[in-house]
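For reference, the structure discussed in these notes is given below.
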Amino acid sequence: MLAVLRETQLRAGHDPEIARYIAELEDEEPVRGISGLFLPTGPLQAIAEGWGDAFLELADRADAIVMVNEDSWACHICREDAGSLSLSETDERRDVWDALAPGRADLLYAIDPELVPWWCPECRRSYCADHRAGHPHPPA
């Protein structure tokens, strides 16, 4: 991420927000909000005029770095999508991160049932919205 930000700073000129993120990364401090930099409504969009293609390439590189842990679950009955969960490296919930790494819906449910509303702890299975609706163990 540091390389992406340095290249962005070179192309865009000095920007105090980018400089702050670079300094925090160089000092190995926790960095919050960095993924918002490259959003279409983010602060870099205004200064990206004239180098749009390069900006989009840098944004894609930043996204690939920031989004690093995700999983999805299929419905036990129809095999359609039951749900998915993504975390970024800047997420503060390390307990969720650790449970998501092996794709353990049961551990995620124990942390917070709202993280995996498709999971039935009684059946120990995942269900899509259609099959959750008629399920004998409705979510709490």
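Derived scalar couplings between HN and Hα for the stretch 4-16 equal 4, 5, 5, 5, 4, 4, 5, 6, 8, x, 5, 10, x Hz in order, rounded to whole Hz, by the Karplus curve 6.51 cos²θ - 1.76 cosθ + 1.60 (θ = phi - 60°), x for Gly and Pro. In this structure, the amide hydrogen of Arg125, modeled 1.01 Å from its nitrogen in the peptide plane, lies closer than 5 angstrom to those of Cys120, counting only residues at least 5 positions away or on a different chain. For Asp95 and His135, the FRET efficiency from 1/(1 + (r/R0)^6), where r spans their Cβ atoms and R0 equals 35 Å, is about 0.85. Backbone geometry of the stretch 112-120 corresponds, through the Karplus equation with coefficients 6.51, -1.76 and 1.60 at θ = phi - 60°, to 3J(HN,Hα) couplings of 6, x, 6, 5, 9, x, 7, 8, 9 Hz, x marking Gly and Pro. Computed packing ranks the peptides 125-136, 13-24 as 125-136, 13-24, most packed first, by mean other Cβ atoms within 10 Å.
Each peptide in 114-120, 73-79 was scored by the mean count of other Cβ atoms within 10 Å over its residues; highest first, the order is 114-120, 73-79.
In this structure the amide hydrogen of Ala82, modeled in the peptide plane, comes within under 5 Å of the amide hydrogens of Trp73, Ala74, Cys75, none closer than 5 places in sequence on its chain.
Any read-out appearing in this document is the output of simple, stated calculations on the displayed coordinates, not a laboratory observation. Keep in mind that what you see is a predicted model, and the values were worked out from it rather than measured. Quick reminder, even Gly has a Cβ in these numbers, built from the backbone with ideal geometry, and neighbours come from all protein chains shown.
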